[in-house]
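These notes are about the structure you will find just below.
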Amino acid sequence: MRSPPESPIAPASLCRLQEAFGRAIAAPFVFDSTPDGQGGDYQLDIDSYDAELVADIRPRGTTSPHERLGIYNQQYWFRLLSTMQEEYPVTERILGTLEFNKMVMAYLTRFPPDSYTLTHLSDRLGQFLTHQHRWNRGLIRESAGLEYLFIRAFDAPERPAFHPSSQTEYHRDEILAQPIGLQPHWFLFEEHWNLVECRQAIKQEGVATITPVARHGHWAVYRGPDGPRAHRLNWLQARLLDALHRGTPLGQACDELVETLDGNDVQELAGNIGTWFARWVAMGWFASPSVEPAR
């Protein structure tokens with residue numbers, strides 16, 4: 001049996017050319033400064049293009065080698081910037097388009113795309129926003145964090161849904177003592193500004209400007225039949241769901257929660273948990289557990 005042929009080794013000159021071309025098309029734009037410090041139009045940083053690379057490119061018609069490289073440079077960033085603007089509408093409105101584009105360029109220069117798909121384009125944005133720069137602000141970190149949950153909810157897989165009516169009496173008893181898994185596309189979000197409502201206003205009403213206001217709240221972000229959505233939770237619901245999400249069995253989660261509550265909160269939990277759980281099941285938040293009888 002013949003061994004598979006070895007892959008040919010690319011000439012060093014070709015490798016150098018490819019690396020130089022990659023650096024050229026990923027060169028960040030240069031933004032003109034304006035008196036108010038907000039920045040103006042952008043320019044291509046053609047001076048950063050590798051001189052040997054430029055010398056290897058032939059002009060075409062009236063288009064110079066620098067201009068030909070610039071076309072690829074523009075298209076590279078236009079594609080990435082438009083994708084990020086679409087996926088981060090709240091953050092883009094808060095910063096303004098120009099400042100948002102600067103942030104994205106700084107982020108993708110620090111963490112260049114390393115996947116063939118744009119699905120993972122912003123996987124390290126949260127990490128970038130913790131660095132020392134002008135975008136490291138609580139509001140920006142939180143808005144970007146919320147929008148990343150919507151991206152994850154869209155892309156995450158779905159497991160078979162949990163249906164209590166299909167469980168035997170044995171399984172229903174066992175479920176109380178076993179972790180109940182939430183769907184991979186389900187996430188808990190705690191906000192300190194009304195960011196979910198801002199996102200809904202942009203997506204559903206098409207508003208062009210938003211003004212986030214300070215407000216504390218809890219939301220479940222998950223994928224529904226028509227795509228990612230958010231559902232408001234009160235603090236009791238959020239604490240219970242957080243425990244379930246961390247793998248605490250339902251019975252244990254309720255017992256531990258009750259120990260921290262006063263009488264009125266205990267009554268609210270006891271009087272509503274059945275309704276809450278039925279609603280959450282109906283919305284498809286829980287994945288079917290795998291509980292097998294002991295032998």
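Every number in this text was worked out from the coordinates using simple rules, so none of it is lab data. For clarity, every value in this text was computed on a predicted model and none was experimentally measured. Positions of Cβ are backbone-derived with ideal geometry, glycine not excepted, and every protein chain shown enters the neighbour counts.
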GNM result for the chain, Cα springs below 10 Å: residue of Ala12, Ala24, Ala220 fluctuating most strongly:
Ala12
Reviewing [x] 17.9, 57; [y] 25.8, 82; [z] 21.7, 70, the figure for Rg and Dmax of the Cα atoms in Å actually calculated from this model sits under [y]
What spacing in nm lies between the two simple spin-label points modelled at Glu86 and Arg60, each 7 Å away from Cα in the Cβ direction?
2.5
Once R0 is set to 22 Å, what does the formula 1/(1 + (r/R0)^6) return for the Cβ-Cβ distance between Asn136 and Glu99, expressed as a FRET efficiency to the nearest 0.05?
0.95
Considering only the other residues whose Cβ falls under 12 Å of the Cβ of Arg134, what net charge follows from Lys and Arg at +1 and Asp and Glu at -1?
+1
Quick one: which residues, 5 or more positions from Leu233 or on another chain, have an amide H under 5 Å from its amide H? H modelled 1.01 Å from N in the peptide plane, none for Pro or chain starts.
His218, Trp219, Ala220
